[in-house]
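*Asks:* Just dropping this structure here.
Taken together, the values in this text are just the output of simple stated rules run on the coordinates, not laboratory data. Just so it is clear, the model here is predicted, and its values are computed rather than measured. Here Cβ is always computed from backbone atoms with ideal geometry, including for glycine, and neighbour counts include all displayed protein chains.
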Amino acid sequence: MSKKLYIGGLPYSTTQDGLKDAFSQAGEVESATIITDKMTGRSRGFGFVEMVNDEDAEKAIEMWNGKDFEGRKLTVNEARPMGDRPPRRTGGGRGGFGGGRRDEY
């Protein structure tokens, strides 16, 4: 069974192929994805790597977590399912216009 890993701290210049090549040192990689900004298309500095089996995933965590990759220190751990995250906080409903007192004469 494959295991998905979260990879944080990626250099913005990292490509999906480069990420896949790096993690293939630990075992067989099923997929590698770098998350990009929707507006600019630029990397957001994190991604996901799906390893083919649990043993390779554990080896990849040991090999890369806290280690230097292209000049940046990586954070590597098992990815959490989407449902396990706390809900995002919204801005609170206040308008963007603030404050002054308006006197009517």
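*Asks:* Defining a contact as two alpha carbons under 8 Å apart and six or more residues distant in sequence, what relative contact order in percent does the stretch 29-89 show?
*Replies:* 21
*Asks:* Out of every Cα pair in the stretch 1-48, what percent are spaced more than 14 Å from each other?
*Replies:* 47
*Asks:* Another one. Tell me the label-point distance for the pair Asp68, Arg44, using the 7 Å Cα-to-Cβ offset, in nm and rounded to one decimal.
*Replies:* With each label placed 7 Å out from Cα toward Cβ, I get 2.9 nm.
*Asks:* Could I ask something else about it? How much net charge surrounds Gly45 when only other residues with a Cβ under 13 Å from its Cβ are counted (Lys, Arg +1; Asp, Glu -1)?
*Replies:* +2
*Asks:* Sticking with the crude label model, points 7 Å out along Cα→Cβ, report the distance from Asn53 to Ser13 in nm, one decimal please.
*Replies:* So the two model labels end up 3.6 nm from each other.
*Asks:* Lys and Arg at +1, Asp and Glu at -1: add these up for the other residues within a Cβ distance under 10 Å of Glu58 and post the number.
*Replies:* Cβ neighbours under 10 Å give a net charge of -3.
*Asks:* May I pose another question? Kirkwood hydrodynamic radius, the stretch 3-81, all distinct C-alpha pairs: what's the number in Å?
*Replies:* Radius from the Kirkwood sum: 12.3 Å.
*Asks:* What list of ³J(HN,Hα) values in whole Hz, one per residue of the stretch 17-23 in order, does the Karplus curve 6.51 cos²θ - 1.76 cosθ + 1.60 (θ = phi - 60°) give from phi, with Gly and Pro shown as x?
*Replies:* Result, rounded to whole Hz: 5, x, 5, 4, 4, 4, 6.
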